[in-house]
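For reference, the structure is listed below as structure tokens.
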Amino acid sequence: MQKNSKKIVIFYSSIGNGHIVAAQAIQQEILRQDASARVLLQDIRLFMSPAWRKIDERLFWFIAKHLPESFDTLFLTMQARGSSVPSLSLLPNDYPEEKVLAFLESQAPDAILATHYGAA
């Protein structure tokens with residue numbers, strides 16, 4: 001790594017394809033602007049326990065496929081909750097914060113981005 005190059009972590013969610021595609025587009029644009037940057041794409045779901053990750057994914061796909069109106073309502077409710085809290089740390093999440101923090105400390109990025117609201 002060059003002395004002045006920036007290291008950037010981009011968190012995404014592996015459910016669906018939109019979050020990773022967005023993360024890859026951001027990565028491409030960063031590298032277009034600064035070819036020496038180091039961009040690490042990281043699936044936020046890998047921090048979840050394997051059992052809960054499997055259950056959560058099955059629930060997601062069941063609701064998305066069979067209850068699309070409920071999916072939209074849940075999504076909009078989560079977005080509204082996120083917009084109204086004074087700190088993202090007050091929102092519940094499925095990601096063990098100590099594992100995410102240890103990962104970030106080990107990577108020591110200059111910037112952290114997220115394409116999934118849960119990763120924020």
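FYI, it's all coordinate maths here, none of it is from the lab. Being a predicted model, the structure only gives us computed values, none of them experimental. Cβ atoms come from the backbone with ideal geometry, glycine included; neighbour counts cover every protein chain shown.
Descriptive notes on the structure:
- Using θ = phi - 60° in the Karplus curve 6.51 cos²θ - 1.76 cosθ + 1.60, the 3J(HN,Hα) couplings for segment 4-11 round to 9, 6, 8, 10, 10, 9, 10, 7 Hz; x is entered for Gly and Pro.
- Stretching the chain fully between Y117 and H66 yields a gain of 16.1 nm (0.36 nm per residue, less the alpha carbon separation).
- Efficiency of FRET from Cβ geometry, A22 and S83, R₀ 30 Å, rounded to 0.05: 0.95
- Three-way shape label, segment 50-111, alpha-carbon gyration tensor, a/c 1.5: oblate
- Per-residue ellipticity at 222 nm from helix content only, as computed over the chain with -39500 (n - 2.57) for each DSSP H run of at least four residues, stands at -16500 deg cm²/dmol.
- Listed residues I26, I15, I55, most fluctuating in the chain (Gaussian network, C-alpha, under 10 Å): I55
- Applying 1/(1 + (r/R0)^6) with R0 = 25 Å to the Cβ-Cβ distance of E105 and L41 gives a FRET efficiency near 0.85.
- For segment 1-112, the alpha carbon convex hull comes to 127 Å³ per residue, rounded to a whole number.
- A simple rule links phi to the HN-Hα coupling: the Karplus curve 6.51 cos²θ - 1.76 cosθ + 1.60 with θ = phi - 60°, which for segment 95-104 gives 10, x, 4, 5, 6, 5, 4, 4, 4, 5 Hz, with x for Gly and Pro.
- Counting charges near I20 (Lys, Arg +1; Asp, Glu -1) among other residues having Cβ under 12 Å from its Cβ returns a value of 0.
- Between V39 and I8, the built amide H atoms are under 5 Å apart, and every one of these is 5 or more places off in sequence or on another chain.
- Degrees separating the helix 50-66 axis from the principal Cα axis of the chain, which is the longest one: 60 degrees
- Helix 18-33 axis, angle to the chain major axis (alpha carbon atoms, nearest 10°): 20 degrees
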